[in-house]
Amino acid sequence: MAKSEQQKQKKLAKKKAKEQRKKRELARQQQLMTSMAGKMQAAANGEIKDCLISDSLFEGNDESAAIGHVMLSRVAPGGHIAMAFFLVDLGCMGVKDVAGNYRTPTEYSDVMTDMRNRRAMQPCSPEFARGVVEASIGFAESCGLAPHPDYVKYAPLWNDIEPISVENKITFGANGRPVYIAGPFDNDARQALIFNRMSNALGAGNFHFVAVPEQQQKLLEEDFSDEPTMNRIDSAE
């Protein structure tokens, strides 16, 4: 009887330990789903739903650098759809901005309909999409610039997708050199930071810098005092 009772207690202990592990895992999953980064991680092993790329990323030329979006979506636990949008700047910034959504299938369908109506994007392989994004990050790093800080939140969605080479399929910079064009939210401090980082990484004469007039003048006075005021700052000819 004593041995039988001991065996019974061992079984009960194992059962209790198993239940506790399940509770801890459930709590972990619930905690994970409270943040967008957690939702991306939860969906990382899900089936790939869609992968799109902007037509504009193939339209770089000698006058301007290409910029556009890459979008990846996966089926998440519970049937939701996790989406990540990467704004890719092939001029110098790499991943300039990132956004994401976590939608029901119906909401996701509405988002996709809106995208088809408003954005010129085409399907592409996830391997090519990741290749574009990571190549842009590599190019930006060579210019002294890091991807948008939120990139790490959405990068887990790539998971096991293997990037492929995009060499000869997209063009970086413009007229053979990296180029920065100030955006509407790039204030003086941000423009100065980017200018200094590019200068340190590339050296004077090796990139184009298009600043807003006020910041442009400050940069000229500080680093190119003998150059005329102009909209495009071309480090040495």
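Given the condition farther than 24 Å from Asp55 by Cβ, hydrophobic (A, V, I, L, M, F, W, C) and surrounded by fewer than 19 Cβ atoms within 10 Å (Cβ to Cβ), answer yes or no: does some residue in the stretch 141-154 qualify?
yes
A Cβ distance below 9 Å, combined with a sequence gap of six or more or placement on separate chains, defines the contacts here; from the stretch 86-115, residues that are in contact (Cβ under 8 Å) with a residue 24 or more places away in the chain and of a type in the set (Lys, Arg) reach residues that are open to solvent by 50 Å² or more (accessible area, probe 1.4 Å) and in a strand (DSSP E or B) in the pairs Lys96/Ile67.
Can you name every residue in the stretch 175-189 that is buried (at least 16 other Cβ atoms within 10 Å of the Cβ) and over 18 Å from Val133 (Cα atoms)?
Result: Arg177, Ile181, Ala182, Asp186.
Residues are listed down the side, and each one gets a yes or a no for (1) closer than 20 Å to Cys51 by Cβ; (2) open to solvent by less than 10 Å² (accessible area, probe 1.4 Å); (3) of a type in the set (S, T, N, Q):
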position	(1), (2), (3)
His80	yes, no, no
Ser109	yes, no, yes
Pro156	yes, no, no
Gly173	no, yes, no
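When Ala192 is tested against the conditions (1) at pLDDT below 80; (2) part of a helix (DSSP H, G or I); (3) surrounded by 12 or more Cβ atoms within 10 Å (Cβ to Cβ), the lone failure is (1).
Residues are listed down the side, and each one gets a yes or a no for (1) among the acidic types (Asp, Glu); (2) on the phi < 0 side of the Ramachandran plot; (3) without any contact (Cβ under 8 Å) to a residue 24 or more places away in the chain; (4) part of a helix (DSSP H, G or I):
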position	(1), (2), (3), (4)
Gly144	no, no, no, no
Pro147	no, yes, no, no
Lys153	no, yes, no, yes
Pro156	no, yes, no, yes
Ile161	no, yes, no, no
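Residue count for the stretch 120-140 satisfying the condition of being open to solvent by 50 Å² or more (accessible area, probe 1.4 Å) and in contact (Cβ under 8 Å) with a residue 40 or more places away in the chain: 3. Determine whether Pro126 is closer than 25 Å to Ala84 by Cα, under 20 Å from the mean Cα position of the chain (by Cα) and at pLDDT below 95. No; evaluated as a whole, the condition is false for this residue.
Could you please give the count of residues in the stretch 111-170 that are in contact with a Lys or Arg (Cβ under 8 Å, 6 or more places away or on another chain) and of a type in the set (Asp, Glu)? Count: 1. The requirement of being more than 24 Å from Val70 (Cα to Cα), open to solvent by 80 Å² or more (accessible area, probe 1.4 Å), among the acidic types (Asp, Glu) and not in a loop (DSSP other than H, G, I, E, B) is fulfilled somewhere in the stretch 195-214, by at least one residue.
The values are calculated or read from the model by the stated rules, or taken from the named source; none is laboratory data. For clarity, every value in this text was computed on a predicted model and none was experimentally measured. Glycine gets a Cβ as well: all are built from the backbone with ideal geometry, and neighbour counts include every protein chain shown. All accessible areas refer to the heavy atoms of the entire protein, side chains included, with ligands and DNA or RNA removed. Shrake-Rupley method; radii C 1.70, N 1.55, O 1.52, S 1.80 Å.
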